[in-house]
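Okay, so here's the structure we're looking at.
The values are calculated or read from the model by the stated rules, or taken from the named source; none is laboratory data. Since the structure is predicted, the reported quantities are computational estimates derived from the model, not experimental observations. Positions of Cβ are generated from backbone atoms using ideal geometry, with glycine treated the same way; all protein chains shown enter the neighbour counts. The area values use the complete protein model at the heavy-atom level, side chains included, leaving out ligands, DNA and RNA. Shrake-Rupley method; radii C 1.70, N 1.55, O 1.52, S 1.80 Å.
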Amino acid sequence: MQKKLLFLFSIFILAFLLLISPKPTYALNSPNKISIGASEAIMPAIVADSNGKVHIVWMDGGFGSPTVPLLHSFWNGNVWSTPTTVVSDRYNELPSLAADKNGNVYLTWNRESSTD
């Protein structure tokens, strides 16, 4: 009788632990490469606008590179758009995105003004 109660108690504890344990999280889809450059894609900034469209901007090149373009892409609900160059002159880095309630997306970045 004790063995039977111990077995039932063990099953109850195991079931309880399974119920309260963290559930695995799954991505909606497989990872997609959206960068088109051969350089490093670094410092991504991502935001969703009020319409649910997800925007991403990143540096297409490493820190210290004289020309670092900033690229932009958005998720249309099915696929990422072809990246477009936002700016491509010298020393663009640290992009940041924000969105307002009207669906506007704002991009800021740091640009070194040195001419050397």
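When Val54, Val87 are checked against the criterion of being within 18 Å of Asn110 (Cβ to Cβ), β-branched (Val, Ile, Thr) and at pLDDT 80 or above, a single residue qualifies: Val87. Condition check for Tyr26 on (1) at pLDDT below 80; (2) surrounded by 13 or more Cβ atoms within 10 Å (Cβ to Cβ): one failure, at (2). Every condition in (1) farther than 12 Å from Met59 by Cβ; (2) under 17 Å from the mean Cα position of the chain (by Cα) is met by Leu94 except one, and the failing one is (1). Being touching a Ser or Thr at 6+ places or on another chain (Cβ under 8 Å), at positive phi and open to solvent by less than 70 Å² (accessible area, probe 1.4 Å) holds for only one residue in Gly103, Gly52, and it is Gly103.
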